[in-house]
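Can you read through this structure? Questions will come right after.
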Amino acid sequence: MDFVEVFVIFLFNIPFIKGVESLEPNEPSFDVPLFNITAKAGDTAILPCSVQQLGNHWVAWLDPREKVLTARDQRIISDARISVERPFKDDWNLYIRDVEHSDAGKYMCQINTHPVKIKYVMLYVHEPPRIIEESSTSKKTAKEGDTVQLFCNATGIPEPTVTWYRRRSDINHPAKEVVGQNGEVLIIYNISRYCEDLYECVAVNGIQPAASKEIKVVVEFSPEIYLVPKRISQAIGKETILDCRITANPHIYSAWVRHEQEIENNYKYQIELYTEDNKNTITLSLRIKMIGHEDFGKYICRASNKLGKDEELVILSELVVRTEAPSTTADKFIQPTTRHNYIDPHDPSWKGGHEDQYFPPWSHGYQNSPETYGRNNDRTQETGTPNGSTIPTKNVIHVLILSTVLWLCYSF
């Protein structure tokens, strides 16, 4: 305690010159005996003190540790943040600039009367939320099936409330959703690949701004391969594409294999890698050009990482193109290619003598007319006679009689 502070305390504990009370019958008084002030850390805290009828008395400010800060309008300590401001004659306001949490407490505005009059001013310093990086999780990598704990250590005055959010990258879900319960620890039991995302903790205590922190969660799992279809056919001389869909985290090794040899890009094969919206899934595409007999058979898609491996088989076979024989119509009548003059022998105008003239079939006892001639061609196969015609009855009788006579002659 320095000399000035001792002197101020001395003044506040001795009576003034004799007769001062008789000269000032009305003693100084405060407007309000107790006052509470709330300030945000970093702002300027103003502690009001208004004294009526001060007269020849002094006003002094003491901090919560009863250390004298000011006497009258002079600063006693070396802290330059503190001063006394008097916007009006009766005001003796204490200013604390860039206020800190350590400044919080009960301040005293005193008048050196006998006994000393005191007005208490309670200072509350609020601090916005702050997340302590050193004791909070920044990134978490876990294996599928593990239990994961995420920490978000937040401080502030008053004590902040921590809420957890999941920032989904999937467009089919909201961009941000609340997960778990409020608190500084988020526990995810039996974590799966579908829990992998960006998580955010937000600390709020009513003092702006709120504090937040993003935590990346990575879930590792062994490869899984999907091949659809598992059998493909293609013709010789063509080309085809085999697609292998691989889901894994991390992606370490993936390849197409034939005869236990890894396929590489060359004149025959072309391998391309495609990424999908799901970053854990890739498509390994194998293009086979100018397919020959030697290209038919088994192709294996294989993938592995530190957690396991997987493989699937696809079979490429020859596509045989069958050509159907042209259909024929058995009952189609084919017209003669040679033009003839058809003569009706019953026509009275026919004189005969024309050897080159053609007698149509119906002029020799055939039953068909020109209209039914072509339509009955199919009967040839059934009866054995041309164009469905029948043998004349008279000729049949003659043949039977002759056969009978010859049989009798030989019998005797």
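The values are calculated or read from the model by the stated rules, or taken from the named source; none is laboratory data. Since the structure is predicted, the reported quantities are computational estimates derived from the model, not experimental observations. All Cβ positions, glycine included, derive from the backbone under ideal geometry; neighbour counts span all protein chains shown. For the accessible areas, the whole protein counts, side chains as well, though only heavy atoms, and no ligand, DNA or RNA atoms are used. Shrake-Rupley method; radii C 1.70, N 1.55, O 1.52, S 1.80 Å.
Exactly one condition in (1) touching a strand residue (DSSP E or B) at 6+ places or on another chain (Cβ under 6 Å); (2) closer than 19 Å to E127 by Cβ; (3) at pLDDT 95 or above; (4) not β-branched (V, I, T) is not met by Y95; state its number.
Here Y95 meets the rest and fails (2).
Ok, one more. Give the residue, chosen from I132, I157, I111, that is open to solvent by less than 60 Å² (accessible area, probe 1.4 Å), in contact with a His (Cβ under 8 Å, 6 or more places away or on another chain) and over 30 Å from A71 (Cα atoms).
Among I132, I157, I111, only I157 is open to solvent by less than 60 Å² (accessible area, probe 1.4 Å), in contact with a His (Cβ under 8 Å, 6 or more places away or on another chain) and over 30 Å from A71 (Cα atoms).
Here is a follow-up. Out of curiosity, is A142 open to solvent by 20 Å² or more (accessible area, probe 1.4 Å), out of contact with any Cys (no Cβ under 8 Å at 6 or more places or on another chain) and modelled with pLDDT of 95 or more?
Criteria not met by A142.
Restricting attention to the stretch 195-209, and to residues there that are not in a loop (DSSP other than H, G, I, E, B) and not charged (D, E, K, R), which single residue is surrounded by the fewest Cβ atoms within 10 Å (Cβ to Cβ)?
L198
Exactly one condition in (1) buried (at least 20 other Cβ atoms within 10 Å of the Cβ); (2) touching a helix residue (DSSP H, G or I) at 6+ places or on another chain (Cβ under 9 Å) is false for P64; which is it?
(1)
Right, here's the next one. If you check T70, T44, which single one turns out to be closer than 24 Å to G156 by Cβ and β-branched (V, I, T)?
Of the residues listed, the single one that is closer than 24 Å to G156 by Cβ and β-branched (V, I, T) is T44.
Continuing with this model, one more query. Look through the stretch 283-309, keep the residues that are open to solvent by 70 Å² or more (accessible area, probe 1.4 Å) and under 32 Å from the mean Cα position of the chain (by Cα), and return whichever of them is nearest to T240 (Cα to Cα). Quick ask: steps written out before the conclusion?
In the first step, residues of the stretch 283-309 are kept if they are open to solvent by 70 Å² or more (accessible area, probe 1.4 Å); the result is 290, 293-294, 298, 306, 309.
Pick out the ones that are also under 32 Å from the mean Cα position of the chain (by Cα) and you get 306, 309.
Details: K306: 32, K309: 26 Å.
The residue in question is K309.
Looking only at the stretch 210-237, which residues are free of Cβ contacts under 8 Å to residues at least 60 places away in the same chain and outside any strand (DSSP E or B)?
Correct list: V228, G237.
This table checks each residue for (1) out of contact with any Ser or Thr (no Cβ under 7 Å at 6 or more places or on another chain); (2) more than 29 Å from C195 (Cα to Cα); (3) touching a residue at least 24 places away in the same chain (Cβ under 8 Å).
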site: N265; (1), (2), (3): yes, yes, no
site: Y269; (1), (2), (3): yes, yes, no
site: Y274; (1), (2), (3): no, no, no
site: S285; (1), (2), (3): yes, no, yes
site: H293; (1), (2), (3): yes, yes, yes
site: E311; (1), (2), (3): yes, no, yes
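Inspect all residues belonging to the stretch 73-80 and state whether any of them is over 57 Å from the mean Cα position of the chain (by Cα), surrounded by 13 or more Cβ atoms within 10 Å (Cβ to Cβ) and among the basic types (K, R).
Taking the stretch 73-80 first, the residues over 57 Å from the mean Cα position of the chain (by Cα) are 73-78.
Pick out the ones that are also surrounded by 13 or more Cβ atoms within 10 Å (Cβ to Cβ) and you get 75-77.
Add one more test, that the residue is among the basic types (K, R), and what stays is 75.
Checked the stretch 73-80: at least one residue is over 57 Å from the mean Cα position of the chain (by Cα), surrounded by 13 or more Cβ atoms within 10 Å (Cβ to Cβ) and among the basic types (K, R).
Same structure again: For Q110, which of the numbered conditions (1) in a strand (DSSP E or B); (2) under 60 Å from the mean Cα position of the chain (by Cα) fails to hold?
(2)
State all residues of the stretch 25-54 that are exposed (fewer than 15 other Cβ atoms within 10 Å of the Cβ) and hydroxyl-bearing (S, T, Y); if no residue qualifies, say none.
The answer is T38, T44.
Let me ask you something else. Taking E134, is it at positive phi and acidic (D, E)?
No, not satisfied.
Checking E159 against (1) in contact with a strand residue (DSSP E or B) (Cβ under 8 Å, 6 or more places away or on another chain); (2) more than 20 Å from P250 (Cα to Cα); (3) in a loop (DSSP other than H, G, I, E, B); (4) not β-branched (V, I, T), which test does it fail?
The number of the failed condition is (1).
Among the numbered criteria (1) within 19 Å of P28 (Cα to Cα); (2) crowded, with 19+ Cβ neighbours inside 10 Å, which single criterion is violated by D90?
In the conditions (1) within 19 Å of P28 (Cα to Cα); (2) crowded, with 19+ Cβ neighbours inside 10 Å, D90 misses (2) alone.
Here is a follow-up. In the stretch 245-282, what count of residues is obtained for those that are in a strand (DSSP E or B) and either open to solvent by less than 20 Å² (accessible area, probe 1.4 Å) or of a type outside the set (S, T, N, Q) (or both)?
Selection size over the stretch 245-282: 17.
Working only within the stretch 182-194, note down all residues that are outside any strand (DSSP E or B) and buried (at least 17 other Cβ atoms within 10 Å of the Cβ).
Correct list: E184, I191.
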